[in-house]
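Each reported figure results from applying straightforward, stated rules to the coordinates on display, with no laboratory input. As the structure is a computational prediction, the values presented were derived from the model and not from experiment. Counting neighbours? That spans all protein chains shown, and the Cβs are built from the backbone with ideal geometry, glycine included.
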Amino acid sequence: MAIERPAAVTLRGNPFTLVGPEIKVGDKAPAFQVLGGDLSSVTLDTYKGKVKVICAVPSLDTPVCDTETRRFNAEAANLSDHIAILTVSVDLPFAQKRWCGANGVDKVTALSDHRETAFGQAYGTLIKELRLLSRAVFVVDASDTVRYVEYVPEVASEPNYGAALAAAKAAV
């Protein structure tokens, strides 16, 4: 049975349960399998040797997720080629691809967890009641050790961009 963390986050003040463990700095990053925009399998090993900024969001088609993904896309221009920024949601890969194309997002890789919610369960971001991911940011270094974690307590709020980006730069 999966770990459940009742009232771990709120959405507009309403409490929700997160499924999966709470990842902590220093943990080995959990393996996961999600889908790329071409329906290919993408895993943590796909980015082996790179620093990964992994952003979990409920849906790219919502205002805060849109703002967050655009912000990380803009910030990516100032980052080392050794840093990959990944945004994971349960949106279908086709919807992610359409959204990224329509919004000029070309430096962030959108990945879909819709099939098995494997990422959400492994990283403790799956909202049980909604089958969406909560908002969270993880920075994983090139050796797959977690260097930064932020579970945003109110899903409708933005993450701490500066702290996440500083952690990614320090991990290179």
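Restricted to segment 59-80, and to residues that are of a type in the set (A, V, I, L, M) and surrounded by fewer than 16 Cβ atoms within 10 Å (Cβ to Cβ), which residue is farthest from Glu158 (Cα to Cα)? Out of the qualifying residues, it is Ala77. When restricted to residues that are of a type in the set (S, T, N, Q) and in contact (Cβ under 8 Å) with a residue 40 or more places away in the chain, segment 22-41 contains 1.
Of all the residues in segment 145-172, those that are in a loop (DSSP other than H, G, I, E, B) and out of contact with any Pro (no Cβ under 9 Å at 6 or more places or on another chain) number 6. For the subset of segment 1-31 comprising residues that are farther than 29 Å from Ala168 by Cβ and charged (D, E, K, R), which member is surrounded by the most Cβ atoms within 10 Å (Cβ to Cβ)? Among them, the one singled out is Glu4.
Those strands (runs of 3 or more DSSP E) of segment 1-111 in which 1 or more residues are over 19 Å from Ala167 (Cα atoms) occupy 4-11, 14-19, 33-35, 41-43, 83-89. Take the conditions (1) touching a Phe, Trp or Tyr at 6+ places or on another chain (Cβ under 6 Å); (2) among the aromatic types (Phe, Trp, Tyr); (3) within 17 Å of Val64 (Cα to Cα); Phe119 misses just one of them, which is (3).
Here Val90 meets each of (1) among the hydrophobic types (A, V, I, L, M, F, W, C); (2) without any contact (Cβ under 8 Å) to a residue 60 or more places away in the chain; (3) surrounded by fewer than 20 Cβ atoms within 10 Å (Cβ to Cβ); (4) closer than 13 Å to Phe119 by Cβ with one exception, condition (3).
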